[in-house]
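Engineer: This is the structure, below, for whatever I ask next.
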Amino acid sequence: MVLQGGAFCRHPCRCPYGVDSLSISSQDYFSEELHEECGVFGIYGDDSLAPAYACYNGLLALQHRGQESCGISVNDRGVISGHKNMGLVSEVFNHEILNELKGQVAISHVRYSTAGGSVRENSQPLVMRYVKGTLAIAHNGNLTNAYEIRRELERRGAIFQTTIDSEAIAYLIARERIRAESVEDAVLRTMKQIEGAYSLLVMSPQKLIAARDPHGFRPLCMGRLGESVVFASESCALAACGAEFVRDIEPGEIVVVDETGVRSIRTLCPVVSKKSLCIFEYIYFARTDSVIDGLSVYESRKQAGRILAREFPVDADIVIGVPESGIDAAIGYSEESGIPYEKGIVKNGYIGRTFIKPTQKERANSVRLKLNPLASVLKDKRVVVIDDSIVRGTTCDRIVKMLRNAGAKEVHLRISSPPFIWPCFYGTDIPSRDELIAVRHTIEEICELTGADTLGFLPPDKLDEMLGGHPTGYCDACFSGRYPTKIPAKMLAGKERGGVNFDKKLPPKKKPSEAVCVGKDGA
Ligand code: SF4
């Protein structure tokens, strides 16, 4: 029997697709979720503003973008110093340290390791001393030609202190600065050599420079705090330090701030006609109160929920969201369907986001500690639960079990993104293709594996609608395989560990309404 929205049967028995049902519920199988890249924050101010404290507040607001390490570099009348370490912002900094970080200009960074190991040397900002003085750099993103650049620099005698691609950027800027007329010219020359995703803050003894790659993969915005100029990965960080949002930095743009004021270099702005902002910023990464490239993250998530309600309606008693990003979509689903929204899962706010932990074991523990069902809400209810994504399928499996154990009569899983079928090379740590559940299994099988009664993914052809017809463009390569830039073969090979051919034939696509929702009692 086909359910509304084209739903199919879920076999109430042992998995027939070669997956041991015991292994599904093991801790290893819960090692799920995406890894975030990084966040940057910088301010050009004066002594009265205590820039290190502004950075501290900004980093606290950006903590969701990286929880492994953080750092602040300050410029005190041309002398650059700083402090960084492994840990959360609140763990790495205290009053004593912040009071030591005197200056008028500062840049700062929170990190999750998508390129380079999780060690202190790889924390940022990177500070580089060279023949023209000192540079500090904070980078969000991932270069796609970092390997080639690094090898070329090493062949010419460069010695790297870290294993992150950001150091290659710092090295290039320093090298170019020797022959360029200014730091901003050196940044421009560097941008012509690097490829991939980068939102950068560069601090020299006299200047603060913000730059965004020509595709605009990662967000970067500018604000004002009195006379001071502030840059941040997300607008929520501007609000956190009391700054007013001014505008987003354009893809390919370089903004220079010094004692003469603010000026923009747009030489690389027309390089691409279509922006490639990572769509996952809206679906999951960004904080719900941020506005990126003119679009509210909250509204886009609610819209995803509305679309799911239209595409995959179901008779249910309540709609709940998996905190945090699933909640906004659940509110949208509720508004559209008329099914009451309830808080069915409580999150321990003192545990980091699941995917931030760098090892599988740490992530597994985080899942167990992080979410708790509200039995009084769920008991004997037919529940629609909305999560933002399924990567390996492990967290969803656990959530469905958790809801059933708490008394839910039916669990209808709705996912506010399309299935992941391709890796990311722009700073999101999506696992290799053979680990992605949607590559290995059909939607019907995923429904079976997660234990849900029905399952519906946001149809890929509804992403435009989710963004309200976002006119400037976005990257959706992890859903479509259409990468906005050329991906070097070495990188492809690195992502395809486990012997899976990148050109492996995928299961035939079904029409969106059939492909993305399956459920019990199906044909
Ligand atoms: S491939 Fe996916 S995660 Fe990576 S930048 Fe594009 S949309 Fe974002």
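The values are calculated or read from the model by the stated rules, or taken from the named source; none is laboratory data. None of the values given here were measured: they were computed from a predicted structure. Neighbour counts run over all protein chains shown; Cβ positions are idealised from the backbone, glycine included. For accessibility, only protein heavy atoms count, side chains too; no ligands or nucleic acids. Shrake-Rupley method; radii C 1.70, N 1.55, O 1.52, S 1.80 Å.
Engineer: If you roll a 1.4 Å probe over segment 38-273 with all protein chains in place, what percent of the accessible area is carbon or sulfur?
Structural biologist: That share works out to 49 percent.
Engineer: When only C-alpha pairs under 8 Å and at least 6 residues apart count, what is the relative contact order of segment 38-273, in percent?
Structural biologist: Reported relative contact order: 21 percent.
Engineer: Then there's this: Let a ≥ b ≥ c be the square roots of the eigenvalues of the Cα gyration tensor of segment 176-310; is it rounded (a/c under 1.5), or, if not, prolate (a/b larger than b/c) or oblate?
Structural biologist: Oblate, since a/c reaches 1.5 and b/c is not below a/b.
Engineer: Could you name the aspartates and glutamates whose alpha carbon sits less than 17 Å from that of residue 343, not counting residues in the same chain fewer than 8 places away?
Structural biologist: 317, 324, 328, 335, 380, 387, 388, 410
Engineer: Shape of segment 38-273 from its Cα gyration tensor (a ≥ b ≥ c, root eigenvalues): rounded if a/c is under 1.5, otherwise prolate when a/b > b/c, or oblate?
Structural biologist: rounded
Engineer: Provide the gained length on full extension for the span residue 274 to residue 315, in nm with one decimal, where the gain is 0.36 nm per separating residue minus the Cα-Cα distance. Write down the numbers at each step before the final one.
Structural biologist: Values: separation 41, 0.36 × 41 = 14.76 nm, distance 4.06 nm.
Between residue 274 and residue 315, full extension yields 10.7 nm more.
Engineer: Accessible area per residue, 1.4 Å probe, Å², for segment 38-273: what's the number?
Structural biologist: 37
Engineer: While we're looking at this one, here's another question. Starting from the Cα of residue 375, move 7 Å in the Cα-to-Cβ direction to define the label point; list residues of segment 310-351 whose amide nitrogen is under 19 Å from there.
Structural biologist: Label zone hits: 343-348.
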